[in-house]
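Accompanying notes for the structure given below.
Derivation of every value follows stated rules applied to the coordinates shown; laboratory data play no part. Quick caveat: nothing in here was measured; it's all calculated off a predicted structure. All Cβ positions, even for glycine, are placed from backbone atoms using ideal geometry, and neighbour counts span all protein chains on display.
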Amino acid sequence: VPAPADKLNQLSGSEFDREYITLQVKAHMKNIMLFEKASRDVQDPAIKDFAAKTLPALREHLDMAQAIAKRLNIDVSGAGGGSSGMNH
């Protein structure tokens, strides 16, 4: 399986746009899931605080990526990665 950067290097135009935004949605969904877990489960208070403070920005970035996907008519509803971060 090619790395995401390798795949993107092979694309151009609308194909690149579609793949890039799909990768962004997936990555933000995965990161939100990991940061939510860290904000709940990590023992180190500094890390827990960092995770909790970073979540709003990650959710905002996910919302922006999903809005772009919608404008490009890309279905990212099944992008996976765990929590969608939409419960904010």
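For the chain, calculate the relative contact order in percent as a whole number, restricting contacts to Cα pairs under 8 Å that are 6 or more residues apart. Write out the running numbers ahead of the final one.
Working: 78 pairs, mean separation 33.9, N = 88.
Worked out over the chain, it gives 38 percent.
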Checklist outcome for this item: With label points set 7 Å from each Cα along the Cα-to-Cβ direction at ARG71 and GLN43, the distance between them in nm comes to 4.6
